[in-house]
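Engineer: Following this message is one structure expressed as structure tokens.
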Amino acid sequence: TSSPPVVELDNVEIVYDRHFLAVQGVSMEANEGDIVALLGPNGAGKSTILKMISGIGLTERGEVTRGTVRYEGNDVTNADTNRMVSEGVTHILEGRRSFEDLTVEENLRCGLYRGGRRLSYSEEDYELAFEYFPQLEDILDLKAGYTSGGEQQMLVIARALIHRPKLLLLDEPSLGLAPKLVQDIFETLVEINRKEDITMIVADQNAKRTLEIADYGYVLENGQVELQDPAETLMNREEIKEFYLGTS
Ligand code: ATP
């Protein structure tokens, strides 16, 4: 028998402030080892879906009011972030938040917290950061606030990697980065996905780059799934070319 999807949304509705319908009946899944692209314009609901999966940021104002979210086959609808972190879900929020006053090394070492306790990692896990992002080794003593946008993106991905998540959620990793850098970082994501066996969901406005690395893609509009297909198929669909790739 095949294992259940790592994460599975079944007809999920998400409401903010008890009345604002942000996500309306979305069904999607990410299978083990896949990179799933979540595409769509500003406000389509991409971040909301990621926040709902990781439990970050939804608890106060937003809630799943209909449908089911499953993680490795278990119902985690409206589960809190402590639980999801301990289950192996790591969420890299939009805006690559690092601790700006701490050095790169301190950022890498301070890691993740669960219920107020630091999740442990070994030196070997820590070294993993430099296997994928050797550049970071040269700037370990630099305050994160003084590093470039690209370095900060590498830093937050590296920090996530150290904790060996099963599922990594990335919100707008390409935002504000030069094309060459986006390419480098996305190539590294693929390498991490393959070698470390980490399933990923990447929400990004850069449809082309994201589909290039993805196995499967969903296009959201107004809180609903408009299109879905294997990434290769999606890339060649006329609607996608016209509206998202600008190559029609
Ligand atoms: P972006 O790339 O701009 O983040 P997105 O596709 O990720 O776009 P969301 O941020 O998920 O979209 O927003 C979906 C809808 O939910 C939008 O209409 C947004 O205004 C609304 N929304 C998002 N966060 C909140 C919140 N905390 N409270 C109320 N409404 C919210």
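Engineer: Name the residue from VAL225, MET52, HIS163 whose Cα lies farthest towards the positive end of the charge dipole of the chain, charges +1 on Cβ of Lys and Arg and -1 on Cβ of Asp and Glu.
Structural biologist: Checking the options against the dipole of the chain, the answer is MET52.
Engineer: Pop the C-beta distance of SER2 and GLN224 into the FRET formula with R0 = 30 Å and round what comes out to the nearest 0.05. If you can, show how the numbers build up before the last one.
Structural biologist: Numbers: r = 28 Å, r/R0 = 0.93.
So the FRET efficiency works out to roughly 0.60.
Engineer: Before rounding to the nearest 500, sum -39500 (n - 2.57) across all DSSP H runs of length at least 4 in the chain and divide by the residue total; then give [θ] at 222 nm in deg cm²/dmol. Intermediate results must be reported in sequence, preceding the final value.
Structural biologist: Numbers: 8 runs with 76 residues, N = 248.
Using -39500 (n - 2.57) per qualifying helix, the result is -9000 deg cm²/dmol.
Engineer: In the chain, what percent of the accessible surface is made up of carbon and sulfur (1.4 Å probe, ligands and nucleic acids excluded)? Present the calculation step by step, with values, prior to reporting the outcome.
Structural biologist: Working: 5090 of 11890 Å².
In the chain, the share of accessible area belonging to carbon and sulfur is 43 percent.
Engineer: Okay, moving on. Can you list residues whose amide H is under 5 Å from SER98's amide H, if they're 5+ apart or on another chain and H is modeled 1.01 Å from N?
Structural biologist: Excluding prolines and chain starts, which carry no amide H, there are no hits.
Engineer: What are the extents of the Cα atoms of region 170-248 along their three principal axes, listed from largest to smallest and rounded to whole Å?
Structural biologist: 32, 26, 23
Engineer: Let me ask another. About its Cα centre, what dipole magnitude does the chain give when the only charges are +1 on Lys and Arg Cβ and -1 on Asp and Glu Cβ, stated in debye to the nearest 20? Don't skip to the answer; put the middle values down first.
Structural biologist: Details: 24 positive and 44 negative charges, 124 e Å.
With Lys and Arg at +1 and Asp and Glu at -1, about 600 debye.
Engineer: Something else about it: Have a look at LEU102, ASN82, LEU140 and report the one farthest towards the positive end of the charge dipole of region 1-158, computed about the Cα centre with Cβ charges (Lys/Arg +1, Asp/Glu -1).
Structural biologist: Going by the charge dipole, the pick is ASN82.
Engineer: A follow-up question, please. For region 1-44, just say rounded, prolate or oblate: build the C-alpha gyration tensor, square-root its eigenvalues into a ≥ b ≥ c, call rounded for a/c under 1.5, and beyond that prolate if a/b exceeds b/c, oblate if not. Provide the component values of the computation, followed by the final result.
Structural biologist: Values: a/c = 3.80, a/b = 1.80, b/c = 2.11.
Here region 1-44 falls in the oblate category.
Engineer: May I ask you to derive the FRET efficiency for GLU187 and THR233 from their Cβ-Cβ distance with R0 = 22 Å, giving the value to the nearest 0.05?
Structural biologist: E(calc), rounded to 0.05, equals 0.50.
Engineer: Any chance you could get the radius of gyration and Dmax over the Cα atoms of region 38-195, in Å?
Structural biologist: In Å, with Rg to one decimal and Dmax whole: 15.9, 48.
Engineer: Note down the relative contact order for the chain as a percent, whole number, built from C-alpha pairs under 8 angstrom at least six residues apart. If you can, show how the numbers build up before the last one.
Structural biologist: Numbers: 486 pairs, mean separation 64.9, N = 248.
Reported as a whole number, the value is 26 percent.
Engineer: So if I place +1 on the C-beta of Lys and Arg and -1 on the C-beta of Asp and Glu, and nothing else carries charge, what would the dipole magnitude of region 33-76 be about its Cα centre? I want it in debye, nearest 20.
Structural biologist: Values: 5 positive and 5 negative charges, 36 e Å.
Once rounded to the nearest 20, the dipole reads 180 debye.
Engineer: Here's a follow-up. Using a basic spin-label model with each label point 7 Å from the Cα along Cα→Cβ, how many nm lie between ARG83 and LYS195?
Structural biologist: Result: 3.5 nm between the two label points.
Engineer: Count the lysine pairs in the chain whose Cα atoms lie under 19 Å apart, taking only pairs 8 or more positions apart in sequence or on different chains. Show your work: numbers first, answer last.
Structural biologist: Values: LYS46/LYS208; LYS51/LYS166; LYS166/LYS195; LYS180/LYS208; LYS208/LYS241.
Here the count comes out as 5.
The values are calculated or read from the model by the stated rules, or taken from the named source; none is laboratory data. Being a predicted model, the structure only gives us computed values, none of them experimental. A quick note on method: Cβ atoms are made from the backbone with ideal geometry, for glycine too, and the neighbour counts reach across all protein chains shown. Calculation scope for accessible area: heavy atoms of the full protein, side chains included, ligands and nucleic acids excluded. Shrake-Rupley method; radii C 1.70, N 1.55, O 1.52, S 1.80 Å.
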